[in-house]
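**Student:** What follows is a structure written as structure tokens; I'll ask about it next.
The values are calculated or read from the model by the stated rules, or taken from the named source; none is laboratory data. On a predicted model such as this, the values are computed, not experimentally measured, just so you know. Because the Cβ atoms are built from the backbone with ideal geometry, glycine has one as well, and the counts that use them run over all protein chains shown.
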């Protein structure tokens, strides 16, 4: 634990919800927090920033204990050195970009000239290719959404926070503005070794920005590990969905796994698993072939599904499954990616009965979280 | 059209479609009839005053000793009451908008009382509280030798009583609209609550504070019922312009009309100074 930039172990209870999480981050590490809506991500950020008070536990940021319920320590938000960048830029509308960015250093008592010099260089840094002096004089209403979010990032960095909280910083941006903002974040957060916690719904954000991923569900951590490991070997349906993979839960057997209704899903093991252990079968939607009639022959796993939705994705089409009339619930949400041409040939509409087929060699079986 | 990330944005006004290109889709034609009548109900009486006025005697009527004393008293007491409304009502609005204790809803309804209560009733209530034998009045008289009713202080108290809700309501609305998100951001940037209040909260609600102040000031200027009940009608100490207008009407119509026009002019000035952005519901 020594030398951690963040070490927190907190519990907060509300009617019908409890957050119970231990999380830490090494200096310069970026940890992505994934989780369905209502899983407690915002509550976690609230507790770390000091805007929410936990029922028990403690939070340490750098050398300082900023919250310790047993010891009666609860440092207010403005003395924690925790920055926040939210979905909305929330630039103070009555101030120029320069005054917004200089606000933090000024609040810390830095002389005006020095604070503005730092603000100006940060603005130049987050808005490359634009006239920084001119941009600095603008009000938020005179900037595009992407520019506002960039200035908001500069503002969050200006006081040099020990920990930066990023609460879905790309979610409210135009699709055009997202990639540039993502690479900017990578440059100023990850490459600059700024310790940060990133709440996101996007596997891409996690892959580009985070060293490590923590998956939260119903207030608990259900999965964690390096970004690569978590996203390529998901253990929960939520993570699989974020990672764009299909996941079927069950118990391990010699050939793969048995679902709870007894269907055998054949697959390969990366590491051998004792029979009867909880396991998940994971495969890519692109490995699934789709047929109108039951296919005969080689593919080992053939699943009858009802088509729930057709989602265009660039030059492929994602067919989303639901269980047929008396089918098993684990079929819900399984996806198959087919080409536009193949989708046209199938000529199907939601509600149609289809067959999903996937070769055993394309299915990876690994242990599930207990 | 989507604005690309790095494209400088055109000023807002240039991107709005021109007014003459926009078709009304939310204004049924019949609505013009009651709308025009409503406007006339407000505008015609004022026009009537203008037509009835005796312009030749106007300078003389307006500069009579009683008129000047009343105008001066009105402006002074209205200003004092407005300051009291800001100093006391501002924090009350902040408590109502940001406080988290139970019972705030009840508190808010009580604050609205002077808006719906007939001012005369308010004046009576004040009289029974602060009057010679009233709960607080007796204590003040016995303890400090102070009597409030029928003094200029009583005028200020009566005006503050009726005008306070105007300031509290508009400021509370502004505080709620601004929300606490900016304040939370300021906190994460290291700003103490005091600094956040000064540099973030107050500037954000300034339009609401301005319009509340103007409304409160205007309400003070026009106050009649509570004042005459609680403060009486003594020239130079408690006789404000509306009271003088009422008294003059008994004896000298022309004088009453002249003073009324003076109040109209002051009211128009007040609206002109503060209205443009502030009562049109922007932010």
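**Student:** Considering only residues that are under 28 Å from residue A:201 (Cβ atoms) and more than 10 Å from chain B (Cβ to nearest Cβ), look in the stretch A:119-147 and name the one that is surrounded by the fewest Cβ atoms within 10 Å (Cβ to Cβ).
**Tutor:** A:125
**Student:** How about the stretch B:121-233: which helices (runs of 4 or more DSSP H) wholly inside it have at least 1 residues that are closer than 30 Å to residue A:160 by Cα and over 22 Å from the mean Cα position of the chain (by Cα)?
**Tutor:** Here the list reads B:181-188, B:193-196.
**Student:** In the stretch A:207-226, which residues are part of a helix (DSSP H, G or I) and at pLDDT 90 or above?
**Tutor:** Looking only at the stretch A:207-226, we keep the residues that are part of a helix (DSSP H, G or I), and these are A:207-209.
Of everything in the stretch A:207-226, just one residue is part of a helix (DSSP H, G or I) and at pLDDT 90 or above, namely A:209.
**Student:** Another one. Inspect the stretch A:36-46 for any residue being in a strand (DSSP E or B) and touching a strand residue (DSSP E or B) at 6+ places or on another chain (Cβ under 8 Å) and give the result as yes or no.
**Tutor:** No.
**Student:** Anything in the stretch A:164-179 that is within 18 Å of the chain's Cα centre (by Cα) and either over 27 Å from residue A:43 (Cβ atoms) or modelled with pLDDT of 90 or more (or both)? List them, or say none. Don't jump to the end; show me each part of the working.
**Tutor:** We begin by selecting, within the stretch A:164-179, every residue within 18 Å of the chain's Cα centre (by Cα); these are A:164-173, A:175, A:178-179.
A:164, A:165, A:166, A:167, A:168, A:169, A:170, A:175, A:179, listed by residue number.
**Student:** So how many residues does the stretch A:296-322 have that are part of a loop (DSSP other than H, G, I, E, B) and more than 22 Å from residue A:359 (Cβ to Cβ)? Steps first, answer last, please.
**Tutor:** The first filter runs over the stretch A:296-322 and keeps only residues part of a loop (DSSP other than H, G, I, E, B), leaving A:296-300, A:314-315.
After this cut, where a residue has to be more than 22 Å from residue A:359 (Cβ to Cβ) as well, the list is A:314-315.
Summing the residues that are part of a loop (DSSP other than H, G, I, E, B) and more than 22 Å from residue A:359 (Cβ to Cβ) in the stretch A:296-322 gives 2.
**Student:** For the stretch A:153-206: of the residues being over 22 Å from residue A:3 (Cα atoms), without any contact (Cβ under 8 Å) to a residue 40 or more places away in the chain and part of a loop (DSSP other than H, G, I, E, B), which is farthest from the other protein chains (Cβ to nearest Cβ)?
**Tutor:** Among them, the one singled out is A:170.
Yes/no matrix, rows are residues, columns are (1) in contact with a helix residue (DSSP H, G or I) (Cβ under 8 Å, 6 or more places away or on another chain); (2) assigned by TED's automatic domain parsing to the domain that holds residue A:328; (3) without any contact (Cβ under 8 Å) to a residue 12 or more places away in the chain; (4) buried (at least 19 other Cβ atoms within 10 Å of the Cβ):
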site	(1), (2), (3), (4)
A:253	no, yes, no, no
A:256	yes, yes, no, yes
A:260	yes, yes, no, no
A:265	no, yes, no, yes
A:268	yes, yes, no, no
A:277	no, yes, no, no
A:283	yes, yes, no, yes
A:289	no, yes, no, no
A:294	no, yes, no, no
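**Student:** While we're looking at this one, here's another question. Among the listed residues A:71, A:97, A:26, identify the single one that is within 16 Å of residue A:197 (Cα to Cα) and either in contact with a helix residue (DSSP H, G or I) (Cβ under 9 Å, 6 or more places away or on another chain) or away from every other protein chain (no Cβ under 13 Å) (or both). Don't jump to the end; show me each part of the working.
**Tutor:** Numbers: A:71 fails: within 16 Å of residue A:197 (Cα to Cα); A:97 fails: within 16 Å of residue A:197 (Cα to Cα).
Result of the check over A:71, A:97, A:26: A:26.
**Student:** Another one. Counting residues that are modelled with pLDDT of 85 or more and touching a helix residue (DSSP H, G or I) at 6+ places or on another chain (Cβ under 7 Å), which helices (runs of 4 or more DSSP H) fully inside the stretch B:9-68 reach at least 2?
**Tutor:** B:32-52, B:58-62
**Student:** Could you list all residues from the stretch B:174-199 that are more than 19 Å from residue A:81 (Cβ to Cβ) and at the interface with another protein chain (Cβ under 7 Å from one of its Cβ atoms)?
**Tutor:** Result: B:181, B:182.
**Student:** Among the residues of the stretch A:335-351, is any in contact with a helix residue (DSSP H, G or I) (Cβ under 6 Å, 6 or more places away or on another chain), within 20 Å of residue A:279 (Cα to Cα), in contact (Cβ under 8 Å) with a residue 12 or more places away in the chain and buried (at least 17 other Cβ atoms within 10 Å of the Cβ)?
**Tutor:** yes
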